[in-house]
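Since the structure comes first, as structure tokens, the remarks are kept for the end.
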């Protein structure tokens, strides 16, 4: 039965219908399915399926990505408090747009997808200076800093990812805080992420969440070794 709900939810996301998506989730809980099952057998698998579609075929539209991330984030906020046993937060991420960059849609998609994976997300907003990323990541003991750039000059800017890397090195925390970047410039320059000092990059908002989760696990693995 859950497979039918999952199919309907996936169709609602592809149709960018927030109302239909919410109706599906509400129907699940009304039928008596526990919130944990709805979360782990519908919400997260649908995001993963959408990510796979993007990987092997044409990109989904921005509206589809945005709806998927925001609906999933909203549903996560509703379902998690109803869990019988509250889950442990798997990781903490600080995200924002590069300094002097004011294009925030991609960042919102990433944040929504991360929240759907129950990550703790600190969104610093638009045009964030390098020092702010590092201070927040250290204060909150975040494992990853995510920086979005829609223009080449903000990706390469003196107050962008390169400076974030320099500050992490200066403060001796490179081993426990990773830097992940994303946005249009990185699609056209496959090695740009390395040039600006990042550990990884992602092509779209949903795959960015997967990359960031992998980085969190990597850092946590080092912490326990």
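The values are calculated or read from the model by the stated rules, or taken from the named source; none is laboratory data. Quick caveat, the model's predicted, so the values are computed rather than measured. Cβ: placed from backbone, ideal geometry, glycine included. Neighbour counts: every protein chain shown.
A compact table of results
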{"quantity": "Some residue of segment 52-74 being without any contact (Cβ under 8 Å) to a residue 40 or more places away in the chain, within 16 Å of the chain's Cα centre (by Cα) and over 28 Å from residue 15 (Cα atoms)", "calculated": "no"}
{"quantity": "Test result for residue 33, outside any loop (DSSP other than H, G, I, E, B), in contact (Cβ under 8 Å) with a residue 24 or more places away in the chain and either in contact with a strand residue (DSSP E or B) (Cβ under 9 Å, 6 or more places away or on another chain) or buried (at least 17 other Cβ atoms within 10 Å of the Cβ) (or both)", "calculated": "no"}
{"quantity": "Condition check for residue 90: under 30 Å from residue 149 (Cα atoms), in contact with a helix residue (DSSP H, G or I) (Cβ under 8 Å, 6 or more places away or on another chain) and either assigned by TED's automatic domain parsing to the domain that holds residue 135 or surrounded by fewer than 22 Cβ atoms within 10 Å (Cβ to Cβ) (or both)", "calculated": "yes"}
{"quantity": "Residue count for segment 100-149, restricted to those that are touching a residue at least 12 places away in the same chain (Cβ under 8 Å), surrounded by fewer than 20 Cβ atoms within 10 Å (Cβ to Cβ) and in a helix (DSSP H, G or I)", "calculated": "6"}
{"quantity": "Some residue of segment 71-92 being in contact with a strand residue (DSSP E or B) (Cβ under 8 Å, 6 or more places away or on another chain), under 30 Å from residue 20 (Cα atoms) and not in a helix (DSSP H, G or I)", "calculated": "yes"}
{"quantity": "Enumerated helices (runs of 4 or more DSSP H) restricted to segment 163-225, each holding at least 3 residues that are within 23 Å of residue 109 (Cα to Cα) and touching a strand residue (DSSP E or B) at 6+ places or on another chain (Cβ under 6 Å)", "calculated": "205-224"}
{"quantity": "So residue 185, is it within 30 Å of residue 45 (Cα to Cα) and without any contact (Cβ under 8 Å) to a residue 12 or more places away in the chain", "calculated": "no"}
{"quantity": "Single match in 164, 216 (criterion: crowded, with 19+ Cβ neighbours inside 10 Å and over 27 Å from residue 45 (Cα atoms))", "calculated": "164"}
{"quantity": "Selected residue [crowded, with 22+ Cβ neighbours inside 10 Å, under 15 Å from residue 98 (Cα atoms) and modelled with pLDDT under 95] from 183, 205", "calculated": "183"}
{"quantity": "Restricting segment 189-202 to residues that are within 21 Å of the chain's Cα centre (by Cα) and surrounded by fewer than 21 Cβ atoms within 10 Å (Cβ to Cβ), the residue that is modelled with the lowest pLDDT", "calculated": "190"}
{"quantity": "Filter result (closer than 14 Å to residue 195 by Cα and crowded, with 18+ Cβ neighbours inside 10 Å) within segment 150-161", "calculated": "154, 155, 157, 160, 161"}
